[in-house]
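See structure below.
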Amino acid sequence: MANNIVLAKNYTSLLDEVYKGASVTASLTSDSTLVRAGANAGEILYPQIEVSGLGDYNRKSGYTNGTVNLIWKTANFNYDRGTKISVDTMDDQETFNISFGMAGAELQRTKVAPEADAFTFATLAGLDDISKASPATYADALEFLAALLVAKNKMDEDEVPEEGRILYATPTLINGLMALDTTKSKEVFNSFAVAQKVPQSRFYTAIDLLDGKASGEELGHYRKAAAGKDINFMIVHKPAVFKWDKHIAGDIIQPSANPNSDAYILKYRKYGIVDAYKNKRAGIYLSYKA
C-alpha cells in the first residue's frame, strides 16, 4: 500500500500520535540458556525433567533406587512477521525529518508491541490442559473478585507456586477491583507478583494475523478471529511459559544504498515462539466472556 504523507506547513510544531502503550508481555520472555536448536529448520528444544518418588528405606539394603528423566522436547517456532517501510528523501525533508524519524518508533509502539501481546495471549489461551473458568461476563467488581478467588483456589490446589503469578486483566476489571478498597480485594491483589492491565483490543482467545498482501489485509497487523472471545483475565505463572525471540532484525538502509529509489528503508522482522511447558499447564488460568 502506498505511503500517505501530508507535507508539513511551516507552523506545524506538534505531532498527532496514536495512544498506545508498550508491550505488557515482555516480562514473560524466557531464559535463552534453556533452549537448543532443533534437528530441523524451524524447531527448538527445551528441557523437561521428571524424578521418581520416595520408596521405603531398608536398614539392611539402604535406599531404593530413584530415577531422573530429562527429556528435550521439540517445539516449532510459531511467529515469523515483518515489514519494510520506505520513505522518499524529499518527503522526509519536507516533513522536517518526521516521516522516517518517527516511523520506527510508531511501528514499535502501535503495531509490534500490541501484536506481540495479542499473539501471546491468544496462543496461551489456545493450549490444551490449561485451567479455564466457565465463560462469563462479570456484572461488577464483586463478581470479578469472586472469580479471582475461584482461580486462586484452583491454582493453589494444583500446587502452582504463588511466587511469580502474574494477573492480566482488562483495565475495567482491575480498576473496579481497586475501587472496592476492601481488605479482601487488597489481599487478592497482594497474592500476585504483578497485576497488569491489558487493553481489550489485545486480549482475545484467538486472533488472525493479517498477511499484508491479500485483499482486505493490505495494512497487515491482526484482528480478533471469528471464533475468538474477549478475555476477562488470565493468570500466568511465569515459569510455565516458554516465550523466546530467536531473531529480531531492524535495519535502516540509507538512500545512497537503496538501488531502487531515492528513499530511506526501514526493515523489521521478528521470529520466535510462544508456548508453555507440557508439565506446567496448570500454571495458566483463563477466564473469557460468554
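Of note:
- In order along the stretch 187-203, the Karplus-derived 3J(HN,Hα) couplings, from 6.51 cos²θ - 1.76 cosθ + 1.60 at θ = phi - 60°, round to 5, 5, 4, 5, 7, 10, 5, 8, 10, 10, 6, 10, x, 4, 5, 10, 10 Hz, and Gly and Pro are given as x.
- Distance violations [Cα-Cα > 20 Å] among 224/278; 84/213; 132/278; 152/238; 111/289: 224/278; 111/289
- Neighbour-count order for 172, 120, fewest beta carbons within 10 angstrom listed first: 172, 120
- Lys, Arg +1 and Asp, Glu -1 on Cβ, resulting dipole of the chain about Cα centre, debye, nearest 20: 680
- Cα Rg, Dmax, the stretch 77-288, angstrom units: 20.7, 66
- Using alpha-carbon coordinates, inclination of helix 141-157 to the longest axis of the chain, degrees: 50
- Computed from backbone phi, the HN-Hα couplings of the stretch 69-85 come to 10, 10, 10, 8, 7, 9, 9, 9, 4, 10, 9, 9, 9, x, 7, 10, 10 Hz, rounded to whole numbers (Karplus: 6.51 cos²θ - 1.76 cosθ + 1.60, θ = phi - 60°; Gly and Pro given as x).
- Under the Debye formula (equal points on every Cα, no solvent term), log10 I(q)/I(0) of the stretch 178-290 at q = 0.16, 0.17, 0.22 Å⁻¹: -1.03, -1.10, -1.36
- Our Cα-only numbers for the stretch 113-227 put the radius of gyration and Dmax at 16.4, 53 Å.
- Each of the peptides 139-151, 208-220 was scored by the mean count of other Cβ atoms within 10 Å over its residues; in descending order, highest first, they stand as 139-151, 208-220.
- Inverse of mean 1/r across different Cα pairs in the stretch 168-229, Kirkwood, Å: 14.0
- The residue among 174, 216, 161 whose Cα reaches farthest toward the positive pole of the charge dipole of the stretch 126-285, with charges on the beta-carbon of Lys, Arg, Asp and Glu, is 216.
Every number in this text was worked out from the coordinates using simple rules, so none of it is lab data. Since the structure is predicted, the reported quantities are computational estimates derived from the model, not experimental observations. Glycine also receives a Cβ, built like all others from the backbone with ideal geometry; neighbour counts cover every protein chain displayed.
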